[in-house]
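The structure appears right after this line, and notes come after that.
The values are calculated or read from the model by the stated rules, or taken from the named source; none is laboratory data. If you're wondering where the values come from, they're calculated on a predicted model, not measured in any experiment. A quick note on method: Cβ atoms are made from the backbone with ideal geometry, for glycine too, and the neighbour counts reach across all protein chains shown. Each accessible area value is taken on the protein alone, full model and side chains, heavy atoms only, with ligands, DNA and RNA left out. Shrake-Rupley method; radii C 1.70, N 1.55, O 1.52, S 1.80 Å.
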Amino acid sequence: MNSADFFHMGGYGLYVWGSYGVALAVLALNVALAHQHQRRVLRTITRSARRDRSCA
Amino acid sequence: MWVWLHKFGSPKYFYNVSGKILPWVGGATVLLILVGLYLGLFASPADYQQRDSVRIMYIHVPSAWNSMFIYLVMAAAAAIGLIWNIKIADIAAAVSAPIGASFTFITLVTGSLWGKPMWGTWWEWDARLTSELILLFLYLGYIALQSAFEDRRTAARASAVLAIVGAVNVPIIYYSVQWWNTLHQPQSLGVGMSTIHASMLLPLLLMALGFKLLYVTLLLMRTRTEVLERERNSAWVQELAQALSGKSSSDQVRSSNEQR
Amino acid sequence: MTPRRRRLMIVLLILLAVGVAAALTLNAFRGNLVFFYGPSQLAGVEKVHERNLRLGGLVEQGSVKREDDGLTVHFNVTDNVTTVPVTYKGILPDLFREGQGVVAQGRLNAGGEFMAEEVLAKHDENYMPPEVAAALKQASEAGGKTPQFTGTLMMQGGSNK
């Protein structure tokens, strides 16, 4: 199978790649948002911990 | 069982244990999905009727299974939170909703992209399609209800009732193709039966397992974050924060030591 | 009764109430939530000539005839008991072929012919590579028995009523 055939998908390329594309985008966004939220929360609590220490 | 549930329900214990298993679950997720994608897109044959469009199945069906599975987990967690007042269960239910909504959305979009070339329509109001759309609205309603209340306990209680009531929709989705005449074809897989050829069944099952583990990964990530945020004033989070900030500011500490 | 016990009872009651409500609605809907009628069911539909409805079944082998305009198609929809002739003008979906399932939307005219405005293909739940399908077909022709994957006639709704 050459690469042009692969992307063409027997004429269903738009539908097949559209499906995989939408799924990838939505799932990647889920992982990215979860990761970003985790980092934001960690940064907030470490910052306040550092502030506490410098006050003490 | 109850001892274990309460132990695992303790935020600190949960945070530590989940931190240990998360990398393994995440690694397995990536591996399964990569192998599943390779088999699904390259190494599996086209269908005798649907030709290459059948490859949409490897995304559509695992997403559809997850959309129902996550709802049941969410409803069960919400019920546990409501009855036994376990915080971790409330959190697990709340963070499951956007993940489940994502998989439901993927199911509907890929189904539409599959239905157009095969059936000749993007959308039909048949029982299977309509009940899956209702599932998306249930997820969205749950998310809306969660954010409608200032108080977390009230929000958890109100949305738990919705989640539990909405759970009746899941068997309706599952059995719709048996109960009614639908455009959607009947079940291909069941206990001890399959009308999918082995060469196509393998990528389907790998992707399904990969998507399940992806849900577990996302669930653990989001629950851990939520636990930290809600418990930020407790002693164990303070300790953890001290340790983390100590690590990241150790360079500063060293340089100040050298000056002395 | 402890508060925990009471909450458990409330949840169980909600579940019970919803379960009963759902069972009742499902029962009421059973007759109404029909996406399509099979050829044999069509006779039982009230005021069938005045209603816009869907007809579902298999395209009869050898029944597809195209007119010279290239758009108008005649074919028979069958459930192997009753056969209804269908006329449709328009583009057919990729999966439309003889022996496969279809769902046509339109009206039954006085002459008993179904005038379709839309034709959708309905496929079965079997998935296999072309070589396997060919081998199955060959085996069934040689052995004179039906192939292992027969494909449901999607008429399971036909049994109720």
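Checked against the criteria, B:Q185 counts as open to solvent by less than 20 Å² (accessible area, probe 1.4 Å), more than 17 Å from the chain's Cα centre (by Cα), modelled with pLDDT of 85 or more and on the phi < 0 side of the Ramachandran plot.
C:L120 satisfies every condition listed in (1) crowded, with 18+ Cβ neighbours inside 10 Å; (2) modelled with pLDDT under 85 except (2).
For B:W125, are the conditions met, namely being touching a residue at least 40 places away in the same chain (Cβ under 8 Å) and either open to solvent by less than 30 Å² (accessible area, probe 1.4 Å) or of a type outside the set (A, V, I, L, M) (or both)? Talk me through it step by step, then tell me what you get.
Working: touching a residue at least 40 places away in the same chain (Cβ under 8 Å): no; either open to solvent by less than 30 Å² (accessible area, probe 1.4 Å) or of a type outside the set (A, V, I, L, M) (or both): yes.
So B:W125 fails the test.
Just one of (1) out of contact with any Phe, Trp or Tyr (no Cβ under 7 Å at 6 or more places or on another chain); (2) touching a residue at least 12 places away in the same chain (Cβ under 8 Å); (3) over 20 Å from C:V18 (Cβ atoms) fails for B:L133. It is (3).
Candidates B:F69, B:F14, B:F8: the one that is aromatic (F, W, Y) and at pLDDT 95 or above is B:F69. Looking only at residues in the range B:97-112 that are touching a helix residue (DSSP H, G or I) at 6+ places or on another chain (Cβ under 6 Å) and at the interface with chain A (Cβ under 7 Å from one of its Cβ atoms), the one that is surrounded by the fewest Cβ atoms within 10 Å (Cβ to Cβ) is B:V109. Within the range C:10-37, residues that are at the interface with chain B (Cβ under 7 Å from one of its Cβ atoms) have Cβ atoms under 9 Å from residues that are part of a helix (DSSP H, G or I) and modelled with pLDDT under 70 in these pairs: C:L33/C:L26; C:V34/C:G157; C:F35/C:G157; C:F36/C:G157, counting only partners at least 6 apart in sequence or on another chain. Taken residue by residue, the range B:197-214 has no member that is at negative phi, of a type in the set (S, T, N, Q) and either crowded, with 22+ Cβ neighbours inside 10 Å or within 12 Å of chain A (Cβ to nearest Cβ) (or both).
Yes/no matrix, rows are residues, columns are (1) closer than 22 Å to B:L213 by Cβ; (2) in a helix (DSSP H, G or I); (3) open to solvent by less than 90 Å² (accessible area, probe 1.4 Å); (4) at pLDDT 85 or above:
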site	(1), (2), (3), (4)
A:M1	no, no, no, no
A:D5	no, yes, yes, no
A:M9	no, yes, yes, yes
A:Y20	yes, yes, yes, yes
A:A23	yes, yes, yes, yes
A:L27	yes, yes, yes, yes
A:A32	yes, yes, yes, yes
A:Q36	yes, yes, no, yes
A:R43	no, yes, no, yes
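Given the criteria in contact with a helix residue (DSSP H, G or I) (Cβ under 6 Å, 6 or more places away or on another chain), open to solvent by 30 Å² or more (accessible area, probe 1.4 Å) and among the hydrophobic types (A, V, I, L, M, F, W, C), does B:A28 qualify? So B:A28 fits the description; yes.
Counting only strands (runs of 3 or more DSSP E) wholly contained in the range C:49-138, the ones carrying 3 or more residues that are facing chain B (nearest Cβ under 9 Å) occupy C:114-122.
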